[in-house]
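Structure, as structure tokens:
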Amino acid sequence: MKYVTKSLGLLLCLIVTLAISCKDQHPEKLKGGVALMNITPPVGARLAGHFYEAFSTGVHDSIWAKAIVLEQGNQKFAFVFCDLIGITRDISTQARKLASTATEIPLQNILVAATHSHTGPLFYGFQHTYFHNKAIADDGVDEHEKADYPDFLIHQIEKAVVKANESVMPISIEAGVGREDGLSFNRRYYMKNGTVLFNPGPLNPDIVGPAGPIDPEVGILLLRNAGSKDYMGGLTVFAMHADCIGGTKMSADYPYYLEQTLKKKFGQQFFSAFSLGPAGDINDVDIKKDQPIYSDSNTQKIGSTLGQVVIQAVPELKRITQPSFASFSSKILVPLQVPSRAQIDSADVLINNLYKVSQTGAYIRNAGGESGDFLKRVEMSKYLALKDQKPAVDAEVQVFRIDSRTAIVGLPGEIFSELGLDLKKRSPFENTIVMTVCNDRISYIPTIKAFKEGSYEVTNSIIKPGGGEMLVETAVKLLKEAKDGLK
């Protein structure tokens, strides 16, 4: 009898061992869902992306909050991409809390990013407060802000996550990297007089060369319905300012034309999300050509070209066959600049006169670079924005492990390309997708080198030198932790 019992015990051990082995070889199936909510404000809303007051005159294309929910076993991620110039920590935190409560997705597993469209609404920050208060003081009412847009945005983000979570179904994920070298340009240039200028103008004979690199990589995630040849949606990540279309109509900028290109290929049901890579010093302006700064046709060309990069990369994408979802996050205190009392007082005196310029004239000067009073408006606005700030900002860095090859990084602010390239180089993951303007837009994040060189991005930055390097170090540490967790 004892031999039978012993044999039965061995058999049970073998069954358990085989079960564990099979589970390792066949991890929990992937699930995913997508959804989008319209976040277009009424015509007449203030436009972001300028240092003067401008209003929308129509809608070129609606702007959206687009959510992707990914699930493996008991791990769930939610990513939301908004066609906005930025997002504030307060707004993203409220939206994440509501979405987390409604879906039970942990808050640290939810990321809210802005695509950095310069043709979206102005709804936060010093300029918004200045123009809003001035309208109230002058007219008793702000005709350009009749509703609480931040509250509307928070709930639309929440709804997008809830809808995406409700629609999860078995999927497969394909991930990889494409490449496009001809669309983006570092907009900071060394000049013959030894200075560095931002957008110094086309065919400028005083240009020596670019002051920094570009990041030509195109991060790609495609989601396919399980058991189907059809793609349900995807995420494209590219490092270039979404400031190409110009004008006064609401628009997602070139990500809109990227979406149209992918829909034409994969079907009108295809869900196209876009995230901005490290593009703090990168835009689409080729100074070797004398062409308009803003153009709908050029924006269409950019989006279409980027879409073709994604389409052509499909055969090279690798399917996630051994997913290992895990999230990692850390908050660090990034020191902020502290303006002097004299700088603040000077800004209070000058700002009214600086903002009293014709919209047309200001628009042309902004597009052309640092001519006119553009930098002075930037500088004075920064001092007043910093007036009531704390000495440091609590910045969040997020890392999402997909499998042993692929990880997604979320960073706040407009990260310089050199910082993003350094992060990728030091990452232990073969495919590291770096997304920026996530959960908070803490202005420009230049390198220590760029701070020494000056120019627009440095003038506009509110952090102290070294803050960008701190974010990179934190991200690398989290990536290594994510990789070590696979051992």
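The values are calculated or read from the model by the stated rules, or taken from the named source; none is laboratory data. Please read all numbers here as calculations on a predicted model, not as lab measurements. So basically every Cβ, Gly included, is an ideal-geometry build from the backbone, and we count neighbours across all protein chains shown. Heads up: the accessible areas ignore ligands, DNA and RNA and are worked out on the full protein's heavy atoms, side chains in. Shrake-Rupley method; radii C 1.70, N 1.55, O 1.52, S 1.80 Å.
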Worksheet item: For the pair LYS449 and GLN312, how long in nm is the line joining their label points, each one 7 Å along Cα→Cβ?
Response: 2.9
Worksheet entry | Tilt relative to the chain, helix 2-25 - C-alpha long axis, 0 to 90 degrees, to 10 | 20
Item to complete: Quick one: compute the contact order of region 148-277, relative version, from alpha carbon pairs under 8 angstrom and 6+ residues apart, as a percent.
Response: 21
Worksheet item: Residues with amide H under 5 Å of PHE55's amide H, sequence separation 5 or more or different chain, H placed in the peptide plane at 1.01 Å from N; which?
Response: LEU47
Worksheet entry | Gap separating the Cα centres of region 139-214 and region 426-440, nearest whole Å | 15
Worksheet entry | For region 286-353: accessible area per residue (Å², 1.4 Å) | 56
Worksheet entry | Sites matching trypsin sites (Lys or Arg not before Pro) across region 370-427 that sit in DSSP coil, with at most 16 neighbouring C-beta atoms within 10 Å | LYS387, ARG405
Worksheet item: Using θ = phi - 60° and the Karplus form 6.51 cos²θ - 1.76 cosθ + 1.60, what ³J(HN,Hα) does each residue of region 127-134 get, whole Hz, x for Gly and Pro?
Response: 4, 4, 4, 4, 5, 5, 5, 5
Practice prompt. Compute the distance in nm between two label points, each set 7 Å from the Cα along the Cα-to-Cβ direction, one at ASP139 and one at ASN38.
Written response: 2.4
Item to complete: Would you mind calculating the gained length between LEU203 and ASP296 on full extension (0.36 nm times residue separation, minus the Cα-Cα distance), in nm to one decimal?
Response: 31.3 nm
Practice prompt. Please give the net charge around GLY303, taking every other residue with its beta carbon less than 12 angstrom from that of GLY303, where Lys and Arg add +1 and Asp and Glu add -1.
Written response: -3
Worksheet item: Looking at region 393-453, which GluC sites (Glu not before Pro) are in a loop (DSSP not H, G, I, E or B) and have at most 16 other Cβ atoms within 10 Å?
Response: GLU430
Discussion item. Per residue, how large is the accessible surface of region 20-132? Use a 1.4 angstrom probe and give square angstrom.
Written reply: 36
Item to complete: State the percentage of accessible surface on the chain attributable to carbon and sulfur atoms; use a 1.4 Å probe and exclude ligands, DNA and RNA.
Response: 54
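Which trypsin sites (Lys or Arg not before Pro) in region 155-203 pass both tests, a DSSP loop state and at most 10 other beta-carbon atoms within 10 Å?
Details: sites: LYS159, LYS163, ARG179, ARG187, ARG188, LYS192; in loops: ARG187, LYS192.
Sparse-neighbourhood loop trypsin sites (Lys or Arg not before Pro): LYS192.
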Worksheet item: Can you run phi through the Karplus equation (6.51, -1.76, 1.60; θ = phi - 60°) for region 229-234 and list ³J(HN,Hα) in whole Hz, with x for Gly and Pro?
Response: 8, 8, 7, 8, x, x
Worksheet item: Name the residues of region 391-416 whose amide N is less than 17 Å from a point 7 angstrom out from the Cα of LYS331 along the C-beta direction?
Response: 391-399, 410-413
Item to complete: Read phi for every residue in region 424-431 and hand back ³J(HN,Hα) as whole Hz from Karplus 6.51 cos²θ - 1.76 cosθ + 1.60, θ = phi - 60°, with x for Gly and Pro.
Response: 4, 4, 8, 6, x, 9, 4, 10
Worksheet entry | For region 246-365: rounded, prolate or oblate by the Cα gyration tensor [a/c cutoff 1.5] | oblate
Worksheet item: Which angle from 0 to 90°, rounded to the nearest 10, does the C-alpha axis of helix 467-484 make with the longest principal axis of the chain?
Response: 10
Worksheet item: Classify region 388-463: rounded, prolate or oblate, from the alpha-carbon gyration tensor (a ≥ b ≥ c, eigenvalue square roots; a/c under 1.5 rounded; otherwise prolate if a/b is larger than b/c)?
Response: oblate
Item to complete: Treating the angle as unsigned and between 0 and 90°, give the value, to the nearest 10°, between the Cα long axis of helix 149-166 and the longest Cα principal axis of the chain.
Response: 20
Worksheet item: So what is the relative contact order for the chain, in percent, with contacts set as C-alpha pairs under 8 Å and at least six apart?
Response: 17
Worksheet item: ASP388 label point, 7 Å along Cα→Cβ, cut-off 11 Å on backbone N: hits in region 110-140?
Response: 125-126, 129-130
Worksheet item: According to the square roots a ≥ b ≥ c of the eigenvalues of the Cα gyration tensor, what is the shape class of region 86-215, taking rounded for a/c under 1.5, prolate for a/b larger than b/c otherwise, and oblate for the remainder?
Response: oblate
